[in-house]
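A short worksheet on the structure shown next.
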Amino acid sequence: SMFMFGGRLRGGQCSDELWVLQWHAHPKWEFMGPDEGEEGGVEMDRARGLRATQMGIGGDALTTYERRSWPEARYDAACTLCTVSDEVVVALHGGRDTTGRNLGDVWLWHMHPGYDRSASTWTRPLIVGVPASPRYGHTLLELPNAPGELLMVGGACISGAAAEGLTGGVGRTSQLSNPDAARSARDADDMRESIAAQRVANAYRMEVAQAHLAAAALEADATAAGHPDLQKAWRSMVQDGARAAASVAAREAETQDAEEELREIIAERMATEHWSRMENQQDRHVSEGTRKGGMDGIIIDLNTRTYHPLEARGTPPKARAGSVIQIVAGRILVFGGSKPGGAQASAVSGAGASSLGLEIVDGEDHMNVHVLDILAAGPHRPGLRGMKTGAWRWLNPPAEETPEWLEASAVAAETAVRRAQRQVVDAKAHAQVSGAPGGVTAALYESEAQFDVCKWRVSSIRAEQASIANPPLSRAYAGSCVMGYRVFILGGWTRDTAMKDLVALDLEQPDERRRRFKEEFALRLERETAARAVEDAMIAREREFELRLFLAKERKREAEERKRMDDEHMFSSLPPLSQGPLVYMIQANAHTIWVRWDPVTVDAWGNELPDGKAPTYHLSMQSSYFVIVEDMRVQIAYMEKSSGAAGGGQANMLGAADDMSVESASTRTSQSYSTYGTGAGSGYGGRSSLKEKLKGLQWYYGYVKAVHDGGLFDIIYDDGAKELKVPRWRIRPEKEPPWQLLYVGQNTKYEAQSLVPDFMLESEPDAAVSVRFTVQTIGTEYGWDKTTRTVVGPTRELSLHSPDHTFETTGLNPQLRQGKWGSSRVKRALKEAVLLDNGVQLNIEQKGLEFKADRGVNVHFI
């Protein structure tokens, strides 16, 4: 937090407001007081430092006064944060009021930890000892490692009236070189002091007289106690008493004003004499041409409520006001400032500012640095204990990389030049006396070389001094702050110019910088590790939160999906009400079956379908044909030895099956499935159907050992028995084949082709397969709309399957296999198509075409 009290306003007015700037994510100013008006008609007479209270008694308004509990308006005051009895308070000292009067009071603001206005109060502690002169433009600091011990240093203690017409910052008496003028000034001060003292004496007499009058009035009222109208007499006595008390209070206020004026005159005169003594003391131990008037200071011990003058060895800086004073690494640094008593900054109204005419104490070419070394007493003697040892001292070290920093080296180099020059003169004289040839000796050569080197060194140092950039200009009333070993200075005023630059003074030594770098590296590494750990923890928490959020959303979505699926399951569990039409076979040949079904004209509720809204039919098929390869797991229809081949030749059984009964073989059967024998009726041309062939046979598991031409296979049963050259019609796959969707459309006929491959018919003309057919419809069912909760239809839901019917292919027609072309696939297909589609028996010979038909067929038909 940052605290701000008072200040100069526009129009030359002063403020007594206290504000706190809270440095949060969103910084804001908070007003802490004082309130202009309070409940009960209480107002603050800030000009007189009193608290005025209006009271109404019997219709008359009376005014009483109390001492103020809030610092009066001021500017150029000193303020700092300190610790008193383990309590953090804000200390305020000095400043100037609107009339230019210097203030020397000390105030403490006891702030509430939460900055509660009602719980934060100002107190004015009673401090004994010799106080510092009332002043402004000074600095108040809490000494390092010494809680409650404040160092007040610098400032100007000459009021505006005393500084009029003066060019310096010291007492008026010392500035008047004319003895007659000095005597006149002293006489004027004596006259002012005498008039003020006489006014105080008159105020005392008036206060005593007023008290006597009040006592007489009260005594007269007391004699009326026996009056018949006792109530009226009592009211009159109370009113007179109140008036008497108000008059006495007014007289006391006037007396206090007179006393305050007298104290100001005495303090001003004491300040003038104080600065005169400072000049005289400075003149006694400082040579001519050096500074006149040193900067004083005083220690305010808030723990013991005592004043202690500042005691330090060495030459103090010049007296100054508006300087930059900071504590860095246990040392107090002083920069810039203006001479006390000179022109001061005034409030700026409108755009621009008038000329200030400040007289900078250290000159305006660059800023000097003054140091009060309070660590000379050791770290175990902080504050007053260290000062009492007499180890505190003032220093004026030059800043590095400045002309002053190289001045000592330049002076030493010039001294070496003069010494080398004397050596050259002595060497020449010795050479002449010794009669050396040409007056030249080795010592002379050496002396001249050394002289040249010394001159080169001087010129180098002076050139380096000239090339070094000048340090910042000296200034007054600048803002400053300390960060580590660096002091940052912003802005300020030269004599007539407002500065806006930002400069920094680095006070860290190289070895200290290296040590700090090591420590900072370790701290930075630790901080980065901690920050990374915090970041990882935050990321983990974010991920955990996102995961919980995702899971919550997923659970919500899953609940909604489960509800929707439950609804859909409930609706889907209702079976369809309609059924597909039965499938009929129109015609069949060796590899194709033609089927049809009756058209559907009504929906599930028996309503007639609208015109143009014919249902869509789904025709599905399950075929028994499959390709048999070696090592394939299959099921085999077993035939007894005594049984005939039933059109397929006698079975050949070898190996272990010859000594086993049929019951000893595996009897595990498949589901209700028939490979060839599910059809009815007889085959094409009067031959037995597959169903008749397989009637009464049991199915056993085994695998194919070998494949022979003509559709014969060697089989090994699971019990180890072997059977050779088993025909294809006795073998079916191990698992039931899946249903296949053949057709989707609105026609009621379909031609299922390529049920038996041609290459198989060439080698196995009698090969036939059984095929199961079933039909479903779309457009006959009704549904339920969950949104509108109404019946809708027709929908895209499939109806029930029609009862499946099984049909067989016929095997190759014997008539189509007669002649030399019987093996021709194209000729056979042509004759078969003509026969099946048109009922025409087509005979094809080498010499031409002959037709036998129930109806007339000509060449154009072919």
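The values are calculated or read from the model by the stated rules, or taken from the named source; none is laboratory data. Source: prediction; values computed, not measured. Don't worry about glycine lacking a Cβ; one is built from the backbone with ideal geometry, like all the others, and counts go over all protein chains shown. What goes into the accessible areas is simple: the full protein's heavy atoms, side chains included, and nothing from ligands, DNA or RNA. Shrake-Rupley method; radii C 1.70, N 1.55, O 1.52, S 1.80 Å.
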As an exercise, identify the trypsin sites (Lys or Arg not before Pro) in region 710-785 lying in DSSP coil whose Cβ has no more than 13 other Cβ atoms within 10 Å. K735
Overall form of region 739-800 per C-alpha gyration tensor (a/c, 1.5; a/b vs b/c): prolate
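Restrict the search to region 422-521; then list the chymotrypsin sites (Phe, Trp or Tyr not before Pro) that DSSP places in a loop and that have at most 15 other Cβ atoms within 10 Å of their Cβ. Could the numbers behind the result be given before it?
Details: sites: Y445, F451, W456, Y477, Y485, F488, W493, F517, F521; in loops: Y477, Y485.
Answer in residue order: Y485.
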For D86 and A498, extending 7 Å from Cα along the Cα-Cβ vector and measuring point to point gives, in nm, a value of 4.7 nm
Which entries of K691/K749; K693/K735; K695/K735; K339/K388; K695/K749; K693/K749 show an alpha-carbon separation above 23 angstrom in the structure shown? K691/K749; K339/K388; K695/K749; K693/K749
Summed over the other residues with a beta carbon less than 12 angstrom from that of V769, with K and R at +1 and D and E at -1, the charge totals 0
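Using packing as a proxy for protection, rank 697-708, 495-506 so that the peptide with the highest average count of other Cβ atoms within 10 Å comes first. It would help to have the intermediate numbers written out before the result.
On the way: 697-708: 16.8, 495-506: 14.2.
By packing density, highest mean first, the sequence is 697-708, 495-506.
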Return the subset of K556/K613; K318/K455; K428/K455 for which the Cα-Cα distance in this structure is over 30 Å, preserving the input order. K556/K613; K318/K455
Can you tell me how region 464-597 classifies by the Cα gyration tensor, rounded, prolate or oblate, using a/c under 1.5 as the rounded cut? prolate
Distance in nm between S409 and E558 label points, each 7 Å along Cα→Cβ, equals 7.9 nm
Would you rank H370, H112 by solvent-accessible area, highest first, keeping every protein chain in place and using a 1.4 Å probe? H112, H370
